[in-house]
1. Quick check: pseudo-label points 7 Å beyond the Cα along Cα→Cβ at T16 and T68, how many nm apart are they?
2. Using the C-alpha atoms of the stretch 13-113, what convex hull volume per residue, in cubic angstrom, is computed?
3. Roughly speaking, what % of Cα-Cα pairs in the stretch 56-174 are separated by over 21 Å, rounded to a whole number?
4. Under the classification rounded if a/c is under 1.5, otherwise prolate if a/b is larger than b/c and oblate if not, where does the chain fall, given a ≥ b ≥ c as square roots of the Cα gyration tensor eigenvalues?
5. Suppose the chain between E229 and E5 were pulled fully straight at 0.36 nm per residue; how much longer would it get relative to their current alpha carbon spacing?
6. How much mean residue ellipticity at 222 nm does the chain get from its helices, if each DSSP H run of length 4 or more adds -39500 (n - 2.57) and you divide by all residues, to the nearest 500 deg cm²/dmol?
7. Go through the stretch 80-91 residue by residue and turn each phi into a ³J(HN,Hα) via Karplus (6.51, -1.76, 1.60, θ = phi - 60°); whole Hz please, and just put x for glycine and proline.
8. Taking H as built 1.01 Å from N, whose amide H comes closer than 5 Å to the amide H of T153, not counting residues under 5 places away?
Amino acid sequence: MDAYEVLAVRYATRETVASQVYLNHHVYAEPDRPMRMDYFFWVLRNDVRTIVVDTGFTPQVGDRRGRTTTCGVPEALRRLGIDPAAVGQVVVTHAHYDHAGNLGLFGAAEVLISNAEFEFWTGPYAWRVQFGHSAERADVEELARLARAGRLTRFTGRHRPAPGVELQEVGGHTPGQVIALVRAAGGTVVLASDAVHYYEELDRDRPFVAVADLRAMYAGFDRIRALAEDAVLVPGHDPEVLTRFPPLDPADPGFAVRVG
C-alpha cells in the first residue's frame, strides 16, 4: 500500500475580521471579531514520489495584496529538501492567486486541475470583477501554456493521479474546486483546500465570502463532513492547523506540520 507523509506548509499570513471571511456575516447577528488567515500548500511524499498540492503566491503578489510572506514557496521547498524541478506531479485545487502561483518552478511536473476550473478561468466570465479579483492573469496564462505544452491533465468528477491519492471535484468556492483524499500511515487525510477554509466554517455551516455556487458549497460541506467521520480533515487557511498537528521542526512550529 502506498502511504504518504502529508505536510501542511505555511508560507504567508494576514490579519482580518470575520465580516471579511464569512458570506453575509451580518445575518448571524453577532459582533465582528478579529481573525487570522494563514496560507498553506501541501506536500505528499513517500519513497516513490513527491506530489505538491497547490503552489502559493510569490512575495510580490503577496505584497500587492497586503499579505505577509512568512517563508516563500521556493525557500519552503528548499527547507523541506524538495527540488521543484524533480517533482513529478502538482495538483492545483483551484486557480485563485494564493493556490496557483509559482507553477514555473516545477519545470518537469504534470499539473492536474479539474476541467471545470480550467474552462472557467480561460472562458468569458473569469475577469468580471467579482471573479477576477481572486486570481492573477499570469497564473491563468501559465495554466494555458501548460495545456498547450501537453503538461496539464484535466479531469471531471474523481481522479486518481497516483496510488493512495484521490482528487474529488466539489465546486462551490470556485466552479471546479477540488479536494484531495490521501492515504497516510495513520489513515485517510482530507485536504479540503478552500472547499473549507476554517474548521469553524464547517462546524457552524458558514460559507466563505468568496463563492461561485452557494448550493454547491453547502453540498461540499455535507460531503466533507461525511468523509471526515473516518478521516483527518485539514482546512485550507485555518491557523489551528499549526496547533492540532505536530510540527515538522519543533524549533519553528509556525512553518510546517505533519498531518499524516
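1. A separation of 1.6 nm, rounded to one decimal place.
2. Normalising the Cα hull of the stretch 13-113 by residue number yields 118 Å³.
3. The calculated P(r) of the stretch 56-174 puts 40 percent of pairs beyond 21 Å.
4. rounded
5. Contour length minus Cα-Cα distance gives 78.6 nm.
6. Result for the chain: -6000 deg cm²/dmol, rounded to the nearest 500.
7. Working through the residues one at a time gives 8, x, 10, 8, x, 5, 9, 6, x, 9, 10, 9 Hz.
8. When sequence neighbours closer than 5 places are left aside, the close amide H contacts are V111, L112, I113.
Read the figures in this text as sums done on the coordinates, not as results from a lab. As the structure is a computational prediction, the values presented were derived from the model and not from experiment. Cβ sites come from the backbone with ideal geometry, for glycine too, and all protein chains shown count toward neighbours.
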